[in-house]
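Presented below is the structure to which this report refers.
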Amino acid sequence: MAITKVKGTYDSFDELQKKYQALEEKIRMVCHIFNYDEIKTPIMEYSELFHRTVGETSDLVKKETYDFLDRGDRSVTLRPEGTAGVVRSYIENKMYANNSISKLFYIGPMFRYERPQKGRYRQFHQFGVEAFGSSDPLMDAEVISLAVTIIKAFALKGIKVHLNSLGDEESRENYRRALVEHFSKYRETLCEDCKMRLEKNPLRILDCKVDKEKEAFKNVPNIYDYLSPSSKERFDKVISYLKAMNIDYIIDPMLVRGLDYYTHTIFEIEANIEGFGAQNIMCGGGRYDNLVSDLGGPQTPGMGFAFGLERLLAAVEASGRTLYKKRGIHLFIITLGDNAKAEGMRLLNDMRFGGLITEIDYKNGNLKQQFKASEKYDPQYIAILGEDELKNNTINLKIKATNEQHTIYLDDLYDYIVNDINNRMSNYSCGGSCSGSCDSCGCDGSCEEE
């Protein structure tokens with residue numbers, strides 16, 4: 001019996017892998033524009049890291065983490081989210097030493113033991129941003145703007161920010177008492193998880209998907225009424241900056257997010273995608289001013305968010321946007337005879353060294369079979385090298401665009417192809433910056449040959 005992949009995982013190859021590469025390329029481009037640097041942290045961390053950051057009462061820690069003992073009897077966890085590892089790295093590598101702002105982003109696999117379903121996997125991929133060193137509301141606005149820009153970069157429409165503030169510690173404590181007083185009246189109607197949350201973390205009750213339609217959730221106290229004056233002022237500044245950037249937002253008092261470390265600003269961003277269903281939330285995040293110090297570092301404010309790449313890709317495709325367009329290669333080399341094969345391999349290597357995407361037949365086919373094999377690659381040029389050409393130090397070159405065929409010297413092959421490509425690209429209105437693909441220049445097809 002053949003060995004199959006682990007439940008809740010998937011293989012990414014061919015077209016799917018190219019889509020993810022295009023997704024990540026655009027994300028990296030936007031992060032570069034915002035001056036964020038990429039960070040890579042280990043896929044596994046000591047379990048204590050997630051218990052201390054995510055929270056003991058979180059469903060993530062209680063039900064969904066992959067925990068195991070290594071050979072040294074140390075408890076290790078496959079990372080379920082990206083923030084904790086980045087914060088650990090920030091502290092361990094003393095990135096705070098020069099007292100400057102650290103703006104970081106990550107892309108990589110995460111692991112959660114969830115029930116697999118469409119768009120939800122046990123190994124999934126996440127992109128996230130973490131900015132350390134500034135408590136100014138300007139940083140909140142920048143991080144939200146970066147998330148919005150990522151979504152806009154994929155031409156998703158109807159983007160709206162759901163916004164709330166959890167306030168400072170005084171605000172949270174006042175609100176916690178108000179929630180306990182409110183939900184205690186309905187204790188017997190709450191699910192078992194919410195009964196426990198009422199004792200340990202009543203704020204998390206607001207995130208319950210089981211009880212949200214019950215009587216207990218009517219007339220829930222509004223957190224804004226419990227914010228301290230300084231927290232209100234801070235939240236108002238964030239809103240004013242979003243207005244200045246023309247970013248649409250909704251103040252959502254029921255938004256609490258699912259992790260214990262958030263303070264002040266929290267947000268989720270939705271996009272209006274027809275046919276994608278009711279769950280159009282693309283990303284979420286918020287401020288965590290105490291997380292670095294809670295993990296043993298200096299008091300350092302932080303702000304971040306995370307996207308699920310599988311969800312983002314599904315949204316892009318549901319919107320009708322084409323992420324990846326199949327592109328042909330530059331050159332396919334056909335060789336006939338053993339001596340021609342050796343010379344063909346030399347040419348193959350030279351072409352690739354010069355930056356031309358080049359392929360050759362590896363199945364020892366005849367002329368007709370090799371022409372057939374070339375169709376898979378959709379080459380712009382086909383070079384045919386037989387024993388007679390080899391004796392004359394020449395090669396036959398077929399130009400697919402015009403169906404012309406020329407006999408040229410072997411040593412001139414590279415320069416001939418490069419010059420021909422450049423001449424053809426100069427006929428495009430974009431100046432050839434897209435290499436004829438209409439993708440990389442952002443011209444959306446307007447670079448058609450004049």
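The values are calculated or read from the model by the stated rules, or taken from the named source; none is laboratory data. In this text the structure is predicted, and so the values were computed from the model without any measurement. Note: ideal-geometry Cβ built from the backbone for every residue, glycine included; neighbour counts use all protein chains shown. Accessible surface is based on the protein model in full, side chains and every heavy atom, while ligands, DNA and RNA are left aside. Shrake-Rupley method; radii C 1.70, N 1.55, O 1.52, S 1.80 Å.
Inspection of the stretch 409-422 identifies at least one residue that is part of a strand (DSSP E or B) and either open to solvent by 80 Å² or more (accessible area, probe 1.4 Å) or modelled with pLDDT of 95 or more (or both).
Quick one: how many residues across the stretch 231-259 are assigned to a loop (DSSP other than H, G, I, E, B) and surrounded by fewer than 16 Cβ atoms within 10 Å (Cβ to Cβ)? Final tally of qualifying residues: 7. For LYS94, state whether it is open to solvent by 20 Å² or more (accessible area, probe 1.4 Å), of a type outside the set (A, V, I, L, M) and in a helix (DSSP H, G or I). Answer is no for this residue. With respect to GLU359, determine if the residue is under 28 Å from GLN126 (Cβ atoms) and among the acidic types (Asp, Glu). So GLU359 fails the test.
Restricted to the stretch 103-119, and to residues there that are free of Cβ contacts under 8 Å to residues at least 40 places away in the same chain and in a strand (DSSP E or B), the residue that is least open to solvent (accessible area, probe 1.4 Å) is MET110. So for the stretch 38-46 (the condition being modelled with pLDDT under 95, not in a loop (DSSP other than H, G, I, E, B) and not aromatic (Phe, Trp, Tyr)), does at least one residue qualify? Checking the stretch 38-46: not a single residue is modelled with pLDDT under 95, not in a loop (DSSP other than H, G, I, E, B) and not aromatic (Phe, Trp, Tyr). How about the stretch 157-176: which of its residues are farther than 23 Å from ASP294 by Cα and surrounded by fewer than 17 Cβ atoms within 10 Å (Cβ to Cβ)? Selection gives LYS157, GLY158, LYS160.
Where helices (runs of 4 or more DSSP H) fall entirely within the stretch 318-393, those with at least 2 residues that are under 23 Å from ARG424 (Cβ atoms) and within 40 Å of the chain's Cα centre (by Cα) are at 338-353, 367-374. Against the list (1) open to solvent by 30 Å² or more (accessible area, probe 1.4 Å); (2) part of a helix (DSSP H, G or I), the condition GLU213 fails is (2). Quick check, is TYR262 crowded, with 22+ Cβ neighbours inside 10 Å, at pLDDT below 90 and in contact with a strand residue (DSSP E or B) (Cβ under 6 Å, 6 or more places away or on another chain)? Yes.
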